[in-house]
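Read the figures in this text as sums done on the coordinates, not as results from a lab. Here the structure is a predicted model, which means the values were calculated and not measured. Note: ideal-geometry Cβ built from the backbone for every residue, glycine included; neighbour counts use all protein chains shown.
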Amino acid sequence: MDLLATLRDRRLLAIVRGSDPDAALTTVLTLVEEGITLIEVSLSGRDALDVIARARTALGPDATLGAGTVLSADDARAAHKAGACFLVTPAVSDGIATGRELGLPVLAGVMTPTDILQALRLGADALKLFPAGSAGGPGYLRDLRGPFPGLPFVPVGGVDARAAQEYLRGGAVAVGVGSPLIGDAAEGGDVTALRERARTFLDVVRVEARP
């Protein structure tokens, strides 16, 4: 899988984290039905590996389904076994190098210039700017693009629809969105509302993708 090309093309990474495994699976499948097909299931959710495995079975081998909150080499191996085709870390961790050894592309969590250089040395395919909102939002992304103009940043953390638009206009290759998109759906909440939010975010990324 070419993760960077996929991020550039789809521009939206949905992050699913929930305490109800069945609801989390339904959330993943609903997102795909609505056209959001780049999805990360966070390992911090309940029975996340099982959710990944079930989603992989339901969606087939070509679905772009990844594992998030990969903190260790063991996490990377377990995610690979469950069927994840890419990994996402919240920080510079052993999961980056292990993911590369397993042949999985990695979106590596960074916050500082030092993090960025370390993640690149370990083989990260793209850089998850996290927590983007707390770090300074779109302004911080602009500041980082000064010394790192050509690097693929994916802001994550506090990204609502308006912030997504600003990040994409500011040079992000994609945005990662959790609760502003998922809401309480992965806890067993309203799937109809999830569908509405999915359409809102898709409208944003489609508008920002226009020349």
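The figures follow:
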read-out: Reciprocal of mean inverse Cα separation for region 142-211 (Kirkwood radius, Å); value: 13.0
read-out: Among beta bridges that DSSP assigns inside the chain, antiparallel share in %, nearest 5; value: 0
read-out: Label zone at Asp47 (point 7 Å along Cα-to-Cβ), backbone N below 18 Å, region 154-192; value: 185-189
read-out: Length-normalised contact order of region 107-166 in % [C-alpha pairs under 8 Å, at least 6 apart]; value: 35
read-out: Rounded Å value of the spacing that divides the Cα centres of region 1-33 and region 134-198; value: 13
read-out: Region 64-211: proportion of alpha-carbon pairs further apart than 24 angstrom, %; value: 35
read-out: Label point distance in nm, Phe148-Ala97, each placed 7 Å from Cα along Cα→Cβ; value: 2.0
read-out: Gaussian network model of the chain, Cα within-10 Å springs - most flexible of Val88, Val41, Val32; value: Val32
read-out: Summed side-chain charge close to Pro180 - residues other than Pro180 whose Cβ falls under 10 Å, Lys, Arg +1, Asp, Glu -1; value: +1
